[in-house]
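Derivation of every value follows stated rules applied to the coordinates shown; laboratory data play no part. As the structure is a prediction and not an experimental result, all values here were calculated from the model. Positions of Cβ are generated from backbone atoms using ideal geometry, with glycine treated the same way; all protein chains shown enter the neighbour counts.
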Number of protein chains: 2
Amino acid sequence: MKSTWRRYYSHENFESHKRMYVKFSDQRPPCLPSWHTKIVTVESKYPSIGWGGSTLSSDHALMATDLVCVEMIRRQSKYFIKTLMQSLCLVILVCMAPYARPFLLPSTSSSSPSSLVAPLKGAHRDLNPHSTASSSSRTPSTSHGSNLSSSSPTSTFDTFASFITAIQREIIQTIETEDGTDVKFLCDEWERDGGRSHGATCVLEGGAFIEKGAVSISIIQGKLSAERAASMSARGRDLGDCSQGDVPYAAAALSLVLHSANPHLPTFRSDVRYFECQGKGWFGGGADLTPYYLHDGDIVAFHALYRGLCDAFDEKKALFPKYKKWCDSYFFLPGRQEHRGTGGIFFDDLEALEGGGEEAGEEAGEEGVERARMFTEAVARSFMPSYLPLVRRRRDQLFDERQKQWMLLRRGRYLEFNLLYDRGVKFGLAGGRFESVMVSAPPMAAWKYNHTPEEGSEEARLLAILKTPRDWV
Amino acid sequence: MKSTWRRYYSHENFESHKRMYVKFSDQRPPCLPSWHTKIVTVESKYPSIGWGGSTLSSDHALMATDLVCVEMIRRQSKYFIKTLMQSLCLVILVCMAPYARPFLLPSTSSSSPSSLVAPLKGAHRDLNPHSTASSSSRTPSTSHGSNLSSSSPTSTFDTFASFITAIQREIIQTIETEDGTDVKFLCDEWERDGGRSHGATCVLEGGAFIEKGAVSISIIQGKLSAERAASMSARGRDLGDCSQGDVPYAAAALSLVLHSANPHLPTFRSDVRYFECQGKGWFGGGADLTPYYLHDGDIVAFHALYRGLCDAFDEKKALFPKYKKWCDSYFFLPGRQEHRGTGGIFFDDLEALEGGGEEAGEEAGEEGVERARMFTEAVARSFMPSYLPLVRRRRDQLFDERQKQWMLLRRGRYLEFNLLYDRGVKFGLAGGRFESVMVSAPPMAAWKYNHTPEEGSEEARLLAILKTPRDWV
């Protein structure tokens, strides 16, 4: 009869987050019913201190603490030292980020496991704005059925479409590797008009750290209705003839929504998109976090990464502040006077990016367009490097029923924004692929009338920051 | 050591809905932990056959069946006879409804407990369109601060506002009595512009059969912005000068949303409203069910009641078919090609109701307006009589985790309709009382990508009817 130490939630310690260690044998105690044996199968990840990090529902925990002998162990010094070292590394990383950005991403990737390396292929070249090398993913490919189009997409469109197709696969692979369980993405591939429009909605449900996530692409060539044209622009973009309706257009977009399972891990939303019409093209994209509990270091690191990326493309370092502000003002619920999350970056209507980082006007040269595409692709390559460190830090952090409930209420706000205000959703719904749009909905959400968190609580601290956005870096 | 029989969910019998009876003593068995004693406190409601009808979560049930001795008992003949008699009564009621309507409501109320009588005070007089008696609730009262208004509301407005204020109280009382627990409505009274606009948002959370419900009124006098005017009309109502914006108007509305706790009990939504502007007034209202599982008899009885009510006001019996169709076409999710529920009635823009039941045109006389108000008030008086019989039949029906999950998914659709398409929500949000509008949101909802129920299942049968609405009576 083998005896092991395992860590569980403790009902009595929900509030203070103290850790408890439950000792019981692998052989089922006489009054523990058979379905409890699944507790016993939790693997110990940290043999040095011997606890299993899996999240158990409060019911299981209650059972464990009620039914078996319980003992408490003080955090071991080893664990403290490890935590201290991690925090130090984080601080150094954050401080260095703005200066070291052009070199940072590849070097981060070299110290990361292979799953993280995948989406960074070619990132170095693309991140360095002076590079002219063309990676394989950027080689213009024949567009899917472009010969059928009355207004053929440009090579910029084809290149971008190939890029998002490739990086979608890479991101999916990275997440599945990180998940480490048998849960996989289910991909719904679709096409319309004999393949002129196609895409893939890939969904993961019930993952180890993602409760529900979607990584989707759509590559569309068609005629723009006036209704969809109206739902396109972020700030009244001058679409010119495009807004008249019945004009050929092409659009390609990659979008991610990862609804986390753990309230300590924020929900991650991001996208990159390109829209082309009447010989003109516009890039857009962004990435932002919707946290449920504020771990300031996580949010700072996330912003630092995107600041570094923006600064690498902009000598005057004006891109990041502009895009951060744009993100805050876009993800805003006017009815509640609340921002949806802690922000990130958001940009739209990007026609070209000149050498100094400034956006060019009407007479944007081809080089500027190329730089805009490179910037947008670099943003997409940063999605996983910006989120995975948080995943690793937070996926196994303990939480209780009250915290999960708060997460569900905040997810309600997420959905309110999506259905009431998000232009992407309006554009998507007008196009008719309802399930592909609603895939961004959280797996579960709650509403409670006039819920107000306790003064001085962690929940109230989050709300205060959502009411008045903070510049994190 | 007293020994009692109690009924519980059986884990093994979730699918077939067989009932199991668990026998255990009131004294805690040795291996049952202390928090299980709450199972023991469930009261037996039907001493004749000795089972407790309370719904237990699957976890508790699992515990009970796993931990204590389990025995199965066949349904007793007494229970069968009772069910048979109930079904017979229902069939007779449904068949008689169209003919006996003018007398049915009062006679129903006389056989109902006192909680049901309350909202029916004066219903008989109001239901009989030839009556000219004026009940106390119809005596014009001084409107709340009407002397401050630049365009004083008419006595029709004042009468209607008094009516909804009174019936809100009665409905709340009825529901609380029916609930029978300590859970009560919490009322948020509000006022604006020195009392010219006021209302009360009353919310019940965690009731015995209502998981979350709201019974709210708002009585508003103000200036209509062009934005709110645009969100008012159901079918491009000719608002005339009112739609120009900055025009004085008055509005009074009562709205109910009762999200049921049991998937066998439909969610009930209903409202009545009156809008007045530039000397003209329009009534509107409706009541409809959003079921999760179809119990045809329940839906038929619900429709029969409203058909009877409509027919009492309309010799040609054309009102009900028109309003049922309107309900189906209004509560429709175009993106999913699905109706939200099984319908009921919905009407808007009702200026006057002539003797024959036809709606009058421009030259509607005062009598027509009075009849329109009486009809609208009769609809409001029918809310509880149409829903409570269902509550009594379904509140204690057993359900399992799978059925609850289906309910959460359907509630997701409910919310989609509210946020994407409901004009009432748009009108409310433009007015700025966000929490009062979002109070209609379900307590909890779920989204799953491309969820399709099994062919031939009860869930598939519901979906088929939501795709092609049925005329129930």
- Task: Would you mind computing, in nm to one decimal, how far apart the modelled labels at B:Q244 and B:S155 are, each placed 7 Å from Cα along Cα→Cβ?
- Result: 3.0
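Determine, for B:S386, B:S260, the number of other Cβ atoms within 10 Å of each Cβ, and report the residues in order from fewest to most. The partial results should precede the final answer.
Working: B:S386 22, B:S260 27.
Ordered from fewest to most neighbouring Cβ atoms within 10 Å, B:S386, B:S260 come out as B:S386, B:S260.
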- Quick one: which residues, 5+ away or cross-chain, put their amide H under 5 Å from the amide H of A:E338? H built at 1.01 Å from N. A:L333
- Query: Lysine pairs in region B:300-457 with alpha-carbon atoms under 28 Å apart, 8 or more places apart or on different chains: how many are there?
  - Reply: 8
- Task: Pop out the ³J(HN,Hα) list for region B:430-444 in order, Karplus 6.51 cos²θ - 1.76 cosθ + 1.60 with θ = phi - 60°, rounded to Hz; leave Gly and Pro as x.
- Result: 5, x, x, 8, 4, 5, 5, 7, 6, 4, 6, 5, x, x, 8
- Under a plain spin-label model, where a point goes 7 Å from the Cα along Cα-to-Cβ, how far apart in nm are B:Q173 and A:A318? 6.9
- Would you grab the residues whose amide H sits under 5 Å from the one on B:E351? Only those 5+ places off in sequence or on another chain, please, with H modelled 1.01 Å from N. B:F283
- Query: Amide H neighbours of B:S260 under 5 Å, counting only residues 5+ apart in sequence or on other chains, H built in-plane at 1.01 Å?
  - Reply: B:E211, B:T267, B:F268
- Item | Rounded if a/c under 1.5, otherwise prolate or oblate - region B:320-473, Cα gyration tensor axes | prolate
- Within 10 Å of each Cβ in A:437-443, the average number of Cβ atoms from other chains: 5
- Task: Using the Karplus curve 6.51 cos²θ - 1.76 cosθ + 1.60 with θ = phi - 60°, work out ³J(HN,Hα) for each residue of region B:388-402 in order, rounded to whole Hz, and write x for Gly and Pro.
- Result: 4, x, 5, 4, 5, 6, 10, 4, 10, 5, 5, 8, 10, 4, 5
- Message: Under the 0.36 nm per residue contour assumption, what length would be gained going from the current alpha-carbon distance of B:S87 and B:Q337 to full extension?
- Response: 86.6 nm
- Net charge (Lys, Arg +1; Asp, Glu -1) of residues whose beta-carbon lies under 13 Å from that of B:R228, B:R228 excluded, is +2
- So what are the ³J(HN,Hα) numbers for region B:453-467, from phi and the Karplus equation (6.51, -1.76, 1.60; θ = phi - 60°), rounded to whole Hz, Gly and Pro as x? x, 4, 4, x, 7, 4, 5, 5, 5, 4, 4, 4, 6, 6, 7
